[in-house]
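Scroll down for the structure; my scribbles are underneath it.
The values are calculated or read from the model by the stated rules, or taken from the named source; none is laboratory data. Treat the numbers as computed from the prediction; the structure is a model and nothing was measured. Using ideal geometry, Cβ is built from the backbone for each residue, glycine included, and neighbour counts are taken over all protein chains shown.
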Amino acid sequence: MHKSIIWINLYIWYREAIFEKRYLNNYLNGENNMKKLLSIFAVLAFAFSANAGTLDDVKNRGFLKCGVTTGLAGFAAPDDNGEWAGLDADMCRAVAVAVFGDRSKVEFITTTGKSRFPTLASGEVDMLARNTTWTISRDVNLGFEFVGVNFYDGQGFMVPSALGVSSATELDGATVCIQTGTTTELNLADFFRLNGISYEALPIETNDEGKENLFAGRCDVYTTDASGLSSTRAAASNPDKWKVLPEIISKEPLGPLVRHGDHQWGDVVRWSLNAMIIAEELGVTSENVDAQMSSNVPEVLRLLGVEGNYGEMLELSNDWAYQIIKQIGNYSESYEANVGPDTPLEIARGLNALWTQGGILYAPPFR
Amino acid sequence: MNEMNEVRKPPVATTGIIGWLRINLFFNWTNSLITLFVIYCLYQFIPWILDWTIFSADFKYNYLGEQITNQEMCSRNLDPENGGACWAVIYVRFYQFIYGFYPKVEVWRVNIAYFMLALALLPLLYSKLPYRKYFLYFTYIFPVIAYFLLNGGLGFTEVSTNKWGGLLVTLVLGCTGIALAFPIGIMLALGRRSKLPVISMMCTLFIEFIRGVPLITLLFFGMVMLPLFLPEGIDMDGLVRVLVAVTLFQSAYMAEVIRGGLQAIPPGQYEAAKSLGMSYWRMNLLIILPQAIRISIPPIVNTSIGLFKDTTLVIIVGILDLLGIGRGTLADTNWLGLSYEIYFFVSLVFFIFTFGMSRYSLYLEKKLKTGINMGAD
């Protein structure tokens, strides 16, 4: 039954690809092209997910499969010992800790901008933590569920200081280095059209390519998420020669996502993230977490599993949040270690500060 | 009479170094001009590149004598006047470049596999090897040994291919692709020239379809679509899927290369073989293919080199080969901005392998030319 649907889908897709020469467009425009393919996968994934929940699959397998980037400074990159490190890598580890109580029970699967969605849809990974922007089409149409935001990003522009430009609206006629197949490409087109100015796109594939092209003067402007611009600027031999323009032209809430239809698993990932944020709110850190076990704040006791049976509700052990904080740390610790002002990236908390401290980071109450 | 017998030396200007220089570099004035220009360019370029790559470069320690653990400690970042390349990043990440994320306790298995690969290639590369026959037996069983060594099984702990990376993945993809594509390519080439319409049409269709799409498409096909064609419940390894795609791609090209060789064989050879009463297979194996492949050596090596370099495309489907590890390193906040060093190193490794292949093909051409003597020469 399921198989026949898949084949019919495949056949339709194939015919359209042949007759509309869609292939080329698809290839150039990474995301739209995947929709049809993903509809096939949604069926397939549904066929499989009907058998057992992801949480049970993960528990039976003995480790979590987490999709990350092939390397993005501060978010996920292998360190000198071959261990994945970064904000997204911490997100994966937090979920592994929640399920197994062991931060090493995770296998990192590298995905690119083009392969991430099929990889998740086909069930090859249990979750994605791959600096993926939460949009309506991805959430609804592609059949995924974003469970939260672990980094509020926004698209910015970087230019050589010598260009003498102080605002992005002055960039009429500029050559812009732009990563293909991303939301940044579409935002850029929108922004320039809205302001009635023109640009010439220089398509690039990776952040590194964008950096080299900008530094070599082949493009006047490099545009990508502000976090990416920070890492680009940090990599320059003389960071002062480069300037990030004040305009942030898009909302890029980056967060972990899972497949549609498995709410139990979605809850596990969502609350692993929330537990880290709540821990920061409550001032629980990896260092003081043991002392906090005898705290007199009720929410701390609930979070750490001293009171209540929230772990049981999630079908996890009752000290799951304690283990996350103990082994990974709270959100702030993860942020400071990977992208914060003390790292070469020097990204200030900004929007990512807690709601009580001028940012918009906010987690529902733990009760 | 004596003077007549005396052997007269050729003019100074045509022999020895001077003669060589005159003929090759200063034959006429345009030639001389180009030579001088090239010498000038080399004079400008070589000292700079030597200085950057060797004399002012950091290998493990910076100019203050500290061991380098991140890019800020590189001499050229401490003092732009003082430093060249910062090879420390390669030194620190060498393990990852060569083995990927292979567990350190199991890495001896990869080392043995690398060594055995060299051993397995030996009888293929060097035909005068003593006991070559026995070495060849080893070559045939090597893929099986390598599979168990690298992947696990037979008492070895399993190491999932997700942990493979760097040169290991590049070599596995390159070697398997080339080795499997060769026999498949031969069959496809013979099939396309077959007089049986079904076989020839199927082979033609296959070849034209595969050649008609870019490797990236095939990689996506392997990564995303292939699981759909398998019975439910069978989980195919990511690397294997990519290998299938790479092999299909390479076989189609190989088939066309070999077909080119087949077409160069004069009909007389076929007729002669048939007149001796040889069957189709005997004729091809003993008479036609040895000659056809001999002619096709340069393009065979050409496409093989092409494939070896194309394996870097696997990063698109999320497999970290040598280049992928390089890019991953660049994303580490400790090593931001060292792209020159990393790309230089990666290209050097690729150059060593591809240059080796092309030298080997030259050697093979020379050797085989002196072997059989055939009309087509």
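Do we find a residue being free of Cβ contacts under 8 Å to residues at least 24 places away in the same chain and either within 14 Å of chain A (Cβ to nearest Cβ) or closer than 23 Å to B:Val349 by Cβ (or both) anywhere in the stretch B:151-159? Quick ask: steps written out before the conclusion?
Step one: list which residues in the stretch B:151-159 are free of Cβ contacts under 8 Å to residues at least 24 places away in the same chain, which gives B:151-155, B:158.
Still in the list and also either within 14 Å of chain A (Cβ to nearest Cβ) or closer than 23 Å to B:Val349 by Cβ (or both): B:158.
Looking through the stretch B:151-159, at least one residue is free of Cβ contacts under 8 Å to residues at least 24 places away in the same chain and either within 14 Å of chain A (Cβ to nearest Cβ) or closer than 23 Å to B:Val349 by Cβ (or both).
Regarding the stretch B:70-90, can at least one residue be identified that is within 20 Å of the chain's Cα centre (by Cα), part of a helix (DSSP H, G or I) and among the aliphatic types (A, V, I, L, M)? Break it down into steps so the answer makes sense when it comes.
Within the stretch B:70-90, the first condition is being within 20 Å of the chain's Cα centre (by Cα), and the residues that meet it are none.
Checked the stretch B:70-90: no residue is within 20 Å of the chain's Cα centre (by Cα), part of a helix (DSSP H, G or I) and among the aliphatic types (A, V, I, L, M).
What is the one condition in (1) within 22 Å of B:Gly318 (Cβ to Cβ); (2) at pLDDT 90 or above; (3) in a helix (DSSP H, G or I) that A:Arg193 does not satisfy?
Status for A:Arg193: all satisfied but (1).
Can you go through B:Thr35, B:Thr69, B:Thr53 and tell me which one is surrounded by 12 or more Cβ atoms within 10 Å (Cβ to Cβ), touching a residue at least 40 places away in the same chain (Cβ under 8 Å) and more than 14 Å from every other protein chain (Cβ to nearest Cβ)?
Values: B:Thr35 fails: touching a residue at least 40 places away in the same chain (Cβ under 8 Å); B:Thr69 fails: more than 14 Å from every other protein chain (Cβ to nearest Cβ).
From the options B:Thr35, B:Thr69, B:Thr53, the qualifying one is B:Thr53.
Residue-wise test of (1) surrounded by fewer than 16 Cβ atoms within 10 Å (Cβ to Cβ); (2) within 14 Å of another protein chain (Cβ to nearest Cβ); (3) within 15 Å of B:Thr247 (Cα to Cα).
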residue	(1), (2), (3)
B:Ile178	no, no, yes
B:Ala181	no, no, yes
B:Lys195	yes, no, no
B:Leu215	no, yes, yes
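Quick check on this structure: which one of B:Thr161, B:Thr157 is crowded, with 17+ Cβ neighbours inside 10 Å and in contact with an Asp or Glu (Cβ under 7 Å, 6 or more places away or on another chain)? Spell out how you get there, then give the answer.
Working: B:Thr157 fails: crowded, with 17+ Cβ neighbours inside 10 Å.
Unique residue meeting the criteria: B:Thr161.
Which numbered condition in (1) farther than 23 Å from A:Ile360 by Cβ; (2) of a type in the set (A, V, I, L, M); (3) not assigned by TED's automatic domain parsing to the domain that holds A:Phe215 is the only one that A:Val159 fails?
For A:Val159, the failing item is (3).
Suppose we filter the stretch A:123-176 for residues that are within 14 Å of chain B (Cβ to nearest Cβ) and surrounded by fewer than 21 Cβ atoms within 10 Å (Cβ to Cβ); how many remain?
The total comes to 2.
Can you go through B:Ile315, B:Ile305, B:Ile342 and tell me which one is under 21 Å from B:Ile216 (Cβ atoms) and within 13 Å of chain A (Cβ to nearest Cβ)? Spell out the reasoning first.
On the way: B:Ile305 fails: within 13 Å of chain A (Cβ to nearest Cβ); B:Ile342 fails: under 21 Å from B:Ile216 (Cβ atoms).
When all the criteria are applied, what remains is B:Ile315.
Can you name every residue in the stretch A:204-224 that is of a type in the set (D, E, K, R) and more than 13 Å from chain B (Cβ to nearest Cβ)? Explain how you work it out, then say what you get.
If we filter the stretch A:204-224 for residues that are of a type in the set (D, E, K, R), which is where we start, we get A:205, A:208-209, A:211-212, A:218, A:220.
Scanning the stretch A:204-224 gives A:Arg218, A:Asp220.
Go through the stretch A:285-307 residue by residue and tally those that are surrounded by fewer than 16 Cβ atoms within 10 Å (Cβ to Cβ) and in a loop (DSSP other than H, G, I, E, B). Full working, then the answer.
In the first step, residues of the stretch A:285-307 are kept if they are surrounded by fewer than 16 Cβ atoms within 10 Å (Cβ to Cβ); the result is A:287-288, A:290-291, A:293-294, A:296-298, A:307.
Pick out the ones that are also in a loop (DSSP other than H, G, I, E, B) and you get A:287-288, A:293-294, A:296-297, A:307.
Selection size over the stretch A:285-307: 7.
Identify, by number, the condition in (1) among the basic types (Lys, Arg); (2) assigned by TED's automatic domain parsing to the domain that holds B:Val244; (3) farther than 18 Å from B:Val242 by Cα that B:Lys163 doesn't meet.
Only one criterion in (1) among the basic types (Lys, Arg); (2) assigned by TED's automatic domain parsing to the domain that holds B:Val244; (3) farther than 18 Å from B:Val242 by Cα is unmet by B:Lys163, namely (3).
Mind checking which residues of the stretch A:223-255 are within 21 Å of the chain's Cα centre (by Cα) and hydroxyl-bearing (Ser, Thr, Tyr)?
A:Thr223, A:Thr224, A:Ser227, A:Ser230, A:Ser231, A:Thr232, A:Ser250, listed by residue number.
(1) at pLDDT below 90; (2) touching a helix residue (DSSP H, G or I) at 6+ places or on another chain (Cβ under 9 Å): which one isn't true of B:Val213, the others all being true?
Just one mismatch for B:Val213, condition (1).
Tell me yes or no: at least one residue of the stretch A:182-200 is out of contact with any strand residue (DSSP E or B) (no Cβ under 8 Å at 6 or more places or on another chain), within 14 Å of another protein chain (Cβ to nearest Cβ) and in contact (Cβ under 8 Å) with a residue 12 or more places away in the chain.
Scanning the stretch A:182-200, I find no residue that is out of contact with any strand residue (DSSP E or B) (no Cβ under 8 Å at 6 or more places or on another chain), within 14 Å of another protein chain (Cβ to nearest Cβ) and in contact (Cβ under 8 Å) with a residue 12 or more places away in the chain, so the answer is no.
A quick yes/no check of all residues on (1) in contact (Cβ under 8 Å) with a residue 12 or more places away in the chain; (2) part of a helix (DSSP H, G or I); (3) surrounded by 24 or more Cβ atoms within 10 Å (Cβ to Cβ):
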residue: A:Thr224; (1), (2), (3): yes, no, yes
residue: A:Ile249; (1), (2), (3): yes, no, no
residue: A:Trp265; (1), (2), (3): yes, yes, yes
residue: A:Val269; (1), (2), (3): yes, yes, yes
residue: A:Ser272; (1), (2), (3): yes, yes, yes
residue: A:Met276; (1), (2), (3): yes, yes, yes
residue: A:Gly283; (1), (2), (3): no, no, no
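Residue-by-condition table, conditions (1) of a type in the set (Phe, Trp, Tyr); (2) closer than 30 Å to A:Arg270 by Cβ; (3) not in a helix (DSSP H, G or I):
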residue	(1), (2), (3)
A:Gly217	no, no, yes
A:Ser227	no, yes, no
A:Thr232	no, no, no
A:Pro253	no, yes, yes
